[in-house]
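The structure under discussion appears below in the form of structure tokens.
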Amino acid sequence: MRSLSSLLRRFGREEGGTVMAEAVLVLPFMLWSYLALFVYWDSFRSLNTVQKAAYTVSDMISREMVSITPAYINGLDRMMEYLIDQDQDVKLRVSSVYQSDTEGRIKIHWSVAANGAMAPLTTASLQNIKDRIPKMSDGDFVIVVEAEASYTPAFDVGMKRTSLSQFIVTRPRFVTCVLMSTAGTTCPLS
């Protein structure tokens, strides 16, 4: 009995091998943490890239002084795909919106979705997102750029495939409103 008690005490004091046991327990968590940090950093990088590309498109349209066409919007969609540098398709919708105090609401001047990927906005559907558009004076026009790009994580760390979307509102810089040539639009309040 004494020898058994002595063996148990010696076993309890022995510390050789604890490093290996701790490594076996901690290494999987450390590896998962490293992969998770990589995926979360990559998702924020992708979101930032989509945001910068959407702001670039919005800024380009706001500087236009001549009528634009749906082909121009399709070209902006291809440019966004190039700027984002992803294999996923980018969805892009550009709308011209104005405030009409005579009707007491914001209205669609024109709306075009690149390559038909999204439905164009209507005045009725615009009312669902009017809270995202800043307050405007009567007759003010803004360009609304909506962009979506899908994001798929490189590793499965609990983050699912998601859609990165941006909603950008910009006033035209040099003209009262940006015209769409195929819609035969004029600036209705100017």
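None of the figures in this text is laboratory data; all of them are computed from the coordinates on show. Small disclaimer: the values here were computed from a predicted structure and weren't measured. We place every Cβ from the backbone using ideal geometry, glycine too, and count neighbours over all the protein chains shown.
Between (1) 1.22; (2) 1.73; (3) 0.99, which entry matches Cα Rg over 2.2 N^0.38 Å as derived from the coordinates of this structure? For Cα Rg over 2.2 N^0.38 Å, the calculated option is (2).
The count of lysine pairs in segment 18-183 that are at least 8 places apart or cross chains, and whose C-alpha atoms lie under 25 Å apart, stands at 9.
So how much slack lies between residue 78 and residue 8, counting 0.36 nm per residue of separation and subtracting their Cα-Cα distance, in nm? Mind dumping the intermediate values first?
Working: separation 70, 0.36 × 70 = 25.20 nm, distance 7.25 nm.
Between residue 78 and residue 8, full extension yields 17.9 nm more.
Taken about its Cα centre, the chain carries a charge dipole of roughly 580 debye when the Cβ of each Lys and Arg holds +1 and the Cβ of each Asp and Glu holds -1. Segment 61-114 and segment 123-138 have Cα centres separated by 16 Å. Each label was represented as a point 7 Å from its Cα along the Cα-to-Cβ direction; for residue 124 and residue 159 these points are 3.9 nm apart. Simple rule: put +1 on each Lys or Arg Cβ and -1 on each Asp or Glu Cβ in the chain, find the dipole, and look at 55, 8, 142; the Cα lying farthest toward the positive end is 8. Once the Cα-Cα distance is subtracted from the 0.36 nm per residue extended length, the residue 27 to residue 67 segment shows a gain of 8.4 nm. Taking each DSSP H run with n ≥ 4 as -39500 (n - 2.57) and averaging over every residue of the chain yields -13500 deg cm²/dmol at 222 nm.
Mind checking which helices in the chain clear 18 Å along their axis (Cα) and have mean Kyte-Doolittle hydropathy of -0.5 or more, DSSP H runs only? Intermediate values should be presented prior to the final figure.
Details: long enough: 18-62 (65 Å, 0.81); 70-84 (21 Å, 0.17).
The answer, listed by residue number, is 18-62, 70-84.
When the chain is treated as a GNM, springs tying every alpha-carbon pair under 10 Å, which of 124, 53, 114 comes out with the largest mean-square fluctuation? Judging by the Gaussian network model, the answer is 124. Distance between the modelled labels on residue 101 and residue 18, one decimal in nanometres: 7.8 nm (7 Å Cα→Cβ projection).
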